[in-house]
Structures are given as C-alpha cells and as structure tokens.
Amino acid sequence: MQTSELSQTDRELVRGCLENKRLVQRTLYDRFSTRLYTLAYRLTGDRDASNDVLQDAFIEIFRSMATFRFESSLFTWMRTIVIRNAMSSLRLNARLQVVTGEIPDQASEGSFNFTAEHLEKAILSLPPQARSVFVLIEVEGYKHQEVAGMLNISEGTSKSQLNYAKKLLRKRLTKPSDE
C-alpha cells in the first residue's frame, strides 16, 4: 500500500500516539479494540486469554508506534501484533498442538440451517492449532506460507491443519446422516 493511500485519520492517530496524547490513544483503542479482540478470541478460544492478548498487544502497539512505517494500514500492522501475541499466549500455555486422528462427533442436532452464532461456536470448538490455521487463512486471508511462519510450523502442516479444521466444521455443521 502506498503512503498516500493511508487515511489522514490513521496518520493523525499515529502522530498523536507518538506525542503521548492520552485522548488520541483512547481514540485508537476505541476504533480498533473490538475487531482486534474478536481476532484474539477466535485464535485463543478463551475470553480471559483474549483480554490478556489484547492488553499486551496495545501495550506493544503504543510502545512500538515509532516503528510503524506506513507501509501498510494501521489496522494491518496492529492485527499482526495481536496475532503474534495470541500465538505466543497459546504456546506459553502449551495449548498449541498438532492434532490428528479421530474427529470427535459433535454434529448439531436439528436442521441443516445454522446461524452465525452456531458457526462461531463450531470454529471455537476446533482444536487450538486447527482453529488458528483456519482463522488466519479463511477469516483473515493469510497464505499458508505466512501462517507457517507465524505458527512456526511447516507449510504442509498448515495445509493439513486447514483440511482437518474444514472436515471438523463440516461434520459439526451438518445433520448426521443416520438420523
């Protein structure tokens, strides 16, 4: 993205944060915190961990604002920090593991129709690494190579975890055929 494509609002936010203006920092937080929290929650699957990730991310964002070079949007830069912090949190909690084997049967009872809430619950029920790969690729739009680097896994593992996540989601979001 060219520098001229960035909104003046982003530039003003960065400048105000660099000048340590508390109202500007609050504006930055208010503008982006909900989307960044949602991303953290989708990656960690835990509300408390997501709050911690978001708090740590904003501390890092404010401390490293001077390193923002306007080579991407402000949100993209902040999103990268949140993803890195969420992955670090999962690793520290030893919850990020490669999952293979049997797919637990948690298909929903009822019809084939499902709500966004049902989909969100199904995504959150995925094993941590499969969920992380799914969210980063299918929701956030990253490529396997980028996800592999973020999660410190091979591209092949990223692809297999995405496939595994999709199989689990299909199973959980469709009516069992024997009912």
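FYI, it's all coordinate maths here, none of it is from the lab. The model shown is predicted, which means the values in this text are computed figures rather than measured ones. For neighbour counting, all protein chains shown are included, and Cβ atoms are generated from backbone atoms with ideal geometry for every residue, glycine included.
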Query raised in the report: What ³J(HN,Hα) values, in whole Hz, does the Karplus curve 6.51 cos²θ - 1.76 cosθ + 1.60 give for the stretch 49-66 when θ = phi - 60°, with x put for Gly and Pro?
Result: 4, 5, 4, 4, 4, 4, 4, 4, 5, 5, 4, 5, 4, 5, 5, 10, 3, 5
Report summary line: Expected sort for Ile153, Ile83 with the fewest Cβ neighbours (10 Å cutoff) up front is Ile153, Ile83
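I need Ile59, Ile123 ordered by Cβ neighbour count within 10 Å, fewest first.
Values: Ile59 12, Ile123 21.
So the ranking, lowest neighbour count to highest, is Ile59, Ile123.
Pulled fully out, how much extra length does the chain show between Lys167 and Asn20, if you take 0.36 nm times their separation in residues and subtract their Cα-Cα distance? Let's see the in-between values first.
On the way: separation 147, 0.36 × 147 = 52.92 nm, distance 4.77 nm.
Full extension of this stretch gives 48.2 nm more.
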**Report entry** Fewest-first ranking of His144, His118, using other Cβ atoms within 10 Å as the exposure measure
**Finding:** His118, His144
Query raised in the report: For the stretch 22-36, in order, what is each residue's ³J(HN,Hα) by Karplus, 6.51 cos²θ - 1.76 cosθ + 1.60 with θ = phi - 60°, in whole Hz (x at glycine and Pro)?
Result: 4, 5, 5, 4, 5, 4, 4, 4, 4, 5, 10, 4, 5, 5, 6
